[in-house]
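Data first, discussion second: the structure below is written as C-alpha cells.
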Amino acid sequence: MNYSQLIKELNDGAPDSVYLILGDQSYLSQQIKDAFTKIIPESERSMNIGSYDMEDTSISAAVEDAISVPFFGERRLVMINRPYFLTGMRTKSKVEQNVDDFLEYLKHPEESTVMVIFAPYEKLDSRKKVTKALKKVAVTVEIGKLRENEIKKLVTEKITAAGYNIDHDALDRMVELTGGKLTAMMSDLPKLLLYNNDSKEIGIDSVNGLVSRSMEQNVFDLVNSVLQKNPKQSMDIYHQLILENDEPIRINAVLIQQFRLLLQVMILQKHGYSQGNLAATLKVHPYRVKLAMQTVRKFNYDQLRDAYIGLVDTERQMKSTNRPPELLFELFVLKFMKSVG
C-alpha cells in the first residue's frame, strides 16, 4: 500500500488492526500520524491514544496499552516509534525489549485497537522472527522510496490546496535545490506562500531566492566545478559549506561518496542498467542517480577515477597530519586540475 491509498482507507473509516509505516520521510510520517489521530473522536483522544518511543520505552508497555479496553469509546490508537529491534542496527538505548510480548500480541491483535508501527529505516532485518511475524500481520505502507513524480504530485497538491499555482520550471528547481527531499520541500513552502501571497503564483525567481539548498546539491555543484576545472568556484562552494557548519572531513567524505557513485553509475550504465535499475542496485535516492547520469555524460572515466583517488588521499592526510583541512582540499583541487589540464 502507498501513502495515498492509506489516507483514502482512513478517510473511509475502515482501518486495519496493525500497520507498519516503513521509511524515513518526516513530513509523510507526521501526515500519517495526524490522519490516524483523526479516527479517534477529539473528546476521546486524551484517554485512547498512546505514543511510545522504543528507544525510551519497553514494547511491553505499548502492548499493555493495546490490549486495554477503550475508555468511553470504540477504538484505541497505539503508535510505536523507532522500533530498532526490527533492524540489525545498534542503539544506545538501555531499555530491555521483551519482544515475546509483542509476538504474542501479533498472533491475536485486539479488534478495538489500531496499532501503528513507524519504522524510519531504509530496511528491516527480515531474518528476525519478530520482523517476519509483523510483516505477516501488518499492512505495510512504504513511504521512504518515493519517485520524483510522486514527490512533485504531493507538493503540487499542497500548493493547490492553499489556493496557489507553481510553474513547471519552479517545481523542477525546488526538486533540484532540495535534492528531491519531500520534507525539505514542504518545510520551505510557507516561505514561498507568504512571499507570493499577492499573486498566488510561485515562479522560479522566488524558488531560487527562498528555497534552502541541500548539502547534496551543494556537493553536486562542487563536484561539477572541480571536474570543470574552475578553482575559484570550487573554493567558494567549499567555504560556503564550511560556513554552514559542515566539517571539512565530512565534506570530503561526502565528496568521496559522490565520486564513487559517479564511477558506479558510469560502469553500470555501460552494462545496460537504466535509471530505475541503478537506484535499486546502488540503494540510493533516484534523484541522486538522475544527477549522476547527467554528470557522467560530460566526463570520462579517468577524470572521475583521478578525482576519487585524490580525495581518498586528502582524507588520509586530514586524519594523519596537522595541516589545515582547507589547505589540503585546495591542494587537491589544484593538483587535480593540473593533472587533467
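The values are calculated or read from the model by the stated rules, or taken from the named source; none is laboratory data. If you're wondering where the values come from, they're calculated on a predicted model, not measured in any experiment. Don't worry about glycine lacking a Cβ; one is built from the backbone with ideal geometry, like all the others, and counts go over all protein chains shown. Calculation scope for accessible area: heavy atoms of the full protein, side chains included, ligands and nucleic acids excluded. Shrake-Rupley method; radii C 1.70, N 1.55, O 1.52, S 1.80 Å.
Taken about its Cα centre, the stretch 3-142 carries a charge dipole of about 540 debye when Lys and Arg each add +1 at the Cβ and Asp and Glu each add -1 at the Cβ.
Computed over neighbours whose Cβ is under 10 Å from that of Ile40, the net charge equals +1, Lys and Arg +1, Asp and Glu -1. Helix 325-339 and the long axis of the chain differ in direction by around 60°, with both axes built from C-alpha atoms. Under 5 Å from the amide H of Asp53 lie the amide H atoms of Asn81, each residue being 5 or more positions distant or on a separate chain, with H modelled from the backbone and absent for Pro and chain starts. Each part gets one Cα centre, and for the stretch 277-316 versus the stretch 35-86 those centres are 44 Å apart. In the stretch 183-214, which residues have a backbone nitrogen under 19 Å from the label point lying 7 Å from Glu244's Cα in the Cα-to-Cβ direction? Hits in the stretch 183-214 for Glu244 at 19 Å: 183-192, 205-214. Across the stretch 60-70, computed HN-Hα scalar couplings (Karplus, 6.51 cos²θ - 1.76 cosθ + 1.60, θ = phi - 60°) run 4, 5, 5, 5, 4, 5, 5, 8, 6, 6, x Hz from first to last residue, x flagging Gly and Pro. Please report the carbon-and-sulfur percent of the accessible area for the stretch 1-157; probe 1.4 Å, protein heavy atoms only, DNA, RNA and ligands left out. It is 47 percent, rounded to a whole number. In the chain, helical runs assigned H by DSSP with n ≥ 4 each contribute -39500 (n - 2.57); averaged across all residues and rounded to the nearest 500, the mean residue ellipticity at 222 nm is -18000 deg cm²/dmol. Look at the alpha carbon pairs under 8 Å that are at least 6 residues apart: their mean separation over the length of the chain gives a relative contact order of 15 percent.
Amide H to amide H distances under 5 Å link Ile202 with Asn165, Ile166, Asp167, where only residues 5 or more positions off or on other chains count and H is placed in the peptide plane.
Axis angle, to the nearest 10 degrees, between helix 26-37 and the longest C-alpha principal axis of the chain: 10 degrees. Between Ser126, Ser26, Ser17, the Gaussian network model of the chain with springs among Cα atoms under 10 angstrom shows the greatest mean-square fluctuation at Ser126.
Near the amide H of Val116, within less than 5 Å, lie the amide hydrogens of Tyr19, Val78, Met79, Ile80, all on another chain or at least 5 residues away, with H placed in the peptide plane. Here the stretch 158-253 is assigned +1 on the Cβ of each Lys and Arg and -1 on the Cβ of each Asp and Glu. Its dipole about the Cα centre then comes out at about 140 debye.
Sorting His271, His239, His285 by solvent-accessible area of protein heavy atoms yields His271, His239, His285, largest first, with a 1.4 Å probe.
Calculated accessible area for the chain comes out at 53 Å² per residue, all protein chains present (probe 1.4 Å; ligands, DNA, RNA ignored). With a simple spin-label model that places each label point 7 Å from the Cα along the Cα-to-Cβ direction, the separation between Ile267 and Lys123 comes to 1.9 nm. Partner lysines whose Cα lies under 30 Å from the Cα of Lys158, excluding those fewer than 8 positions away in the same chain, are identified as Lys8, Lys33, Lys38, Lys123, Lys145, Lys181, Lys191, Lys200, Lys283, Lys290. A simple spin-label model places pseudo-atoms 7 Å from Cα toward Cβ; at Lys135 and Phe71 they are separated by 3.7 nm.
Give me the distance between the Cα centres of the stretch 231-250 and the stretch 154-211, rounded to whole Å. If we compute the Cα centre of each part, the gap is 26 Å.
Set the Förster distance to 25 Å, then compute FRET efficiency between Lys38 and Arg90 from the Cβ-Cβ distance, nearest 0.05. My answer for the efficiency is 0.10. The charge dipole of the chain, taken about its Cα centre with unit charges on the Cβ of Lys, Arg, Asp and Glu (plus for the first two, minus for the last two), comes to roughly 1460 debye. What is the sum of charges around Asp169, taking Lys and Arg as +1, Asp and Glu as -1, for the other residues whose C-beta is under 11 Å from the C-beta of Asp169? It works out to a net charge of -3. The phi-based Karplus calculation (6.51 cos²θ - 1.76 cosθ + 1.60; θ = phi - 60°) puts the 3J(HN,Hα) values of the stretch 168-183 at 4, 5, 5, 5, 4, 5, 4, 4, 5, 5, 8, x, x, 9, 4, 4 Hz, whole numbers, x for Gly and Pro.
For the chain, the longest principal axis of the Cα atoms and the long axis of helix 231-243 meet at an angle of about 30 degrees. Here the 3J(HN,Hα) profile of the stretch 279-293, calculated from phi with Karplus coefficients 6.51, -1.76 and 1.60 at θ = phi - 60°, is 4, 5, 5, 8, 6, 10, 4, x, 5, 5, 5, 4, 5, 5, 5 Hz, Gly and Pro shown as x. For a test of the definition: using alpha carbon positions, the gyration tensor, and the 1.5 limit on a/c, classify the stretch 95-245 as rounded, prolate or oblate. Oblate shape, in that a/c is at least 1.5 and b/c is the bigger or equal ratio. Using a Förster radius of 41 Å, what is the FRET efficiency between Glu150 and Arg323 based on their Cβ-Cβ separation? Nearest 0.05, please. It comes to 0.35.
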